[in-house]
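The values are calculated or read from the model by the stated rules, or taken from the named source; none is laboratory data. These figures come from a predicted structure and were not determined experimentally. Here the Cβ is made from the backbone with ideal geometry for all residues, glycine too, and neighbour counts use every protein chain on show. Areas reflect the complete protein model, heavy atoms only, side chains present, ligands, DNA and RNA absent. Shrake-Rupley method; radii C 1.70, N 1.55, O 1.52, S 1.80 Å.
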Amino acid sequence: MEFVIKIGQFLLSLSLLIVLHELGHFIPAKLFKTRVEKFYLFFDIKYSLFKKKIGDTVYGIGWLPLGGYVKISGMIDESMDKEQMAQPPQPWEFRSKPSWQRLIIMLGGVTVNFILAYVIYVFLSFTYGDKDTNVNSLKDGYWIESPTLNDIGFKTGDKVLAINDNPIIKDSDIGKNIISAKTITIERDNAEKTIALPEDFLGQLSTRQKRGLFEFRIPFMIGEVADSSVNKSVDLKKGDILVSFNGEELKYYDQLEARKKDLKNASIEVEILRGENTLKRTLKTNERAELGIRPAYDESRFAELGYFDLITTEYTFGESFGAGFSKFTGQISSYGEQLKAIFTPSTGAYKGVGGFKAIYDIFPGTWSWQAFWILTAFLSIMLGVLNLLPIPALDGGHVMFLLYEIISGRKPSEKFLERAQMVGFFILIALVLFANGNDIFRAIFK
C-alpha cells in the first residue's frame, strides 16, 4: 500500500507539472497564431497510450514517463524535424514570428512553473499556516544518527546554536543554512564549541546510507505492529508511548536501540503511556533483538508532553500573499545554493544528485495533501530553474539564442541551431543517465 500511495503522489505531481509547463508554451503560441502540432504528457516513442486530434493539434499521452512536450511548427526542437525545416517558412510557423514573440513562447513554461509554485505557497500559508520548532526548547539537544556527523565530531545531545555565525532559532533554520555551512556552533555539557565542516561535507553526507542530519529526540510512540512481530498479540495501540523499559525510564527513542541490542529472544517488562494512563505490558524480542514495532510521529502530542515547543503562525488571506512570496523566494535561493554546490566539484555535492527514484523517495508513505503540495511547489521551482539553464534543447538554450538575436540583430543559422540542439540533447541524456545512475548505485551498494 505504501508503494501505491508514493507512486500515486509521484505520478500525480509529475503529470500536473508537465501539463502546466507545456501549457505555458502552448497558450502564447496559440495567442500569436503559431501552429502547435502535438501536446503530449510523457513521450510517445513509437506509439501512444492515447491520442486525439482537435483542430491542428494532436493531444496525447505517451508511454515513457520522462517528461512531456509540445511540438510547435517551424521550431528546431527535440523532434529534429529536418524535413519540415527544409521547406520555405510559413506564416503560422515559429521561425516566422518576431523574436519577441518567440521569446515569450519559450519563457512561457518556466513562467507557469514559478507562478504555480508561488500560488501553492500562498494557499499553503493561508490553509495551514506555519509550524516550526523552537530549538531552545530541545532540553537534551538533537539525536545524531548520521555516521557523517558522528565522524566529524557531533554527538547525540548537542544543541545547535549557529551555522556560519547565523543564529539558529527555529529548526527550519538548519535546513536553510546547511547547504553553505562551513562551521556549526553547538552547546555540549553547558559549553560552546565550534565544529568546522570538511569541504566535501555534502559529498560525504550524500554517499552514506543514513543521510539524516539533526533529528529530534522524541519518545518511542507505537505506530504499527508488524504482522510477523512476536508482539502481534500484545495489547498495544497506535499512539501508545513507551515510558519504561526493563525497569528503567525510557525518555527517548534513541535510548531504546542501545538497551535492547543484547536482548535476543528475551521478555521485557515495559510501561506504556496511553492517554493519561500508564499501563504495564510484557514485550518480546526475536533472535535479532527486534520488537517488530514501527514507530509513529505526532508532533502535537510530543509538544503536549513537553519534548519541544511549537511555533505556530496563522495568516489571513491577505497576509498569505506576503508569506507565500517569502517562501517562494527563499526556496529559489536555497535551490540556487544547491546548484552552486553541485557545480563545485570540491564540495562533492554532485554525488547526491538523484533521478526519478530520488524524487519518488521524497514523497511520504501516507497520503498528505499538505506534504503533496509542498513537494509539488518545490519540484515546480526545480523544473523552472533547470529549464532556464543555458543548455541547447532546454528552454534556457532557446532563450540564450533568442537574446543573442535580439541584441545583435543577427539570427543564428538553422544549421547551427540544429547542431546545437543535438549537442544539448546529448548533454541532457548524459545528465539523466548520471542522476539515475546515482540512484541505482545507492540502491545496490549502500
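Observations on the structure shown:
- Filtered residue count, region 55-72, keeping only those that are open to solvent by less than 40 Å² (accessible area, probe 1.4 Å) and either at positive phi or modelled with pLDDT of 90 or more (or both): 8
- Condition check for F343: under 25 Å from G175 (Cβ atoms), touching a residue at least 12 places away in the same chain (Cβ under 8 Å) and not basic (K, R): no
- Any pair with Cβ under 7 angstrom, 6 or more apart, that starts in region 406-419 at a residue that is over 15 Å from L103 (Cβ atoms) and assigned to a loop (DSSP other than H, G, I, E, B) and ends at one that is of a type outside the set (F, W, Y) and open to solvent by 80 Å² or more (accessible area, probe 1.4 Å): none
- Residue pairs whose Cβ atoms lie under 8 Å apart, separated by 6 or more positions or on different chains, with the first residue in region 385-399 and charged (D, E, K, R) and the second open to solvent by less than 30 Å² (accessible area, probe 1.4 Å) and part of a helix (DSSP H, G or I), are D395/M106; D395/G109; D395/V110; D395/N387.
- Checking the stated criteria, I120 turns out not to satisfy the condition of being under 17 Å from S334 (Cβ atoms), open to solvent by less than 60 Å² (accessible area, probe 1.4 Å) and out of contact with any helix residue (DSSP H, G or I) (no Cβ under 8 Å at 6 or more places or on another chain).
- Condition met for A349 (hydrophobic (A, V, I, L, M, F, W, C) and buried (at least 20 other Cβ atoms within 10 Å of the Cβ)): yes
- In summary, L11 fulfils each of the numbered conditions (1) open to solvent by 40 Å² or more (accessible area, probe 1.4 Å); (2) on the phi > 0 side of the Ramachandran plot with the single exception of condition (2).
- Of the residues making up region 77-94, those that are open to solvent by less than 50 Å² (accessible area, probe 1.4 Å) and either in a helix (DSSP H, G or I) or modelled with pLDDT of 75 or more (or both) are Q84, M85, E93, F94.
- Of the strands (runs of 3 or more DSSP E) lying entirely inside region 163-269, those containing at least 1 residues that are touching a Ser or Thr at 6+ places or on another chain (Cβ under 8 Å) and exposed (fewer than 13 other Cβ atoms within 10 Å of the Cβ) are 183-188, 191-196.
- Residue check: G355 meets all listed conditions (1) open to solvent by 50 Å² or more (accessible area, probe 1.4 Å); (2) farther than 21 Å from L197 by Cα but one, namely (1).
- Filtered residues of region 22-54 (kept if surrounded by 14 or more Cβ atoms within 10 Å (Cβ to Cβ) and either in contact with a Cys (Cβ under 8 Å, 6 or more places away or on another chain) or without any contact (Cβ under 8 Å) to a residue 24 or more places away in the chain (or both)): K30, D44, S48, K51
- Residues that are closer than 23 Å to L428 by Cβ and of a type in the set (S, T, Y), drawn from region 352-375: Y360
- Candidate set: region 125-156, residues that are farther than 30 Å from T316 by Cα and part of a strand (DSSP E or B); chosen: the one most open to solvent (accessible area, probe 1.4 Å): W143
- Restricting region 373-401 to residues that are more than 20 Å from G8 (Cα to Cα) and open to solvent by less than 10 Å² (accessible area, probe 1.4 Å), the residue that is nearest to the chain's Cα centre (by Cα): I381
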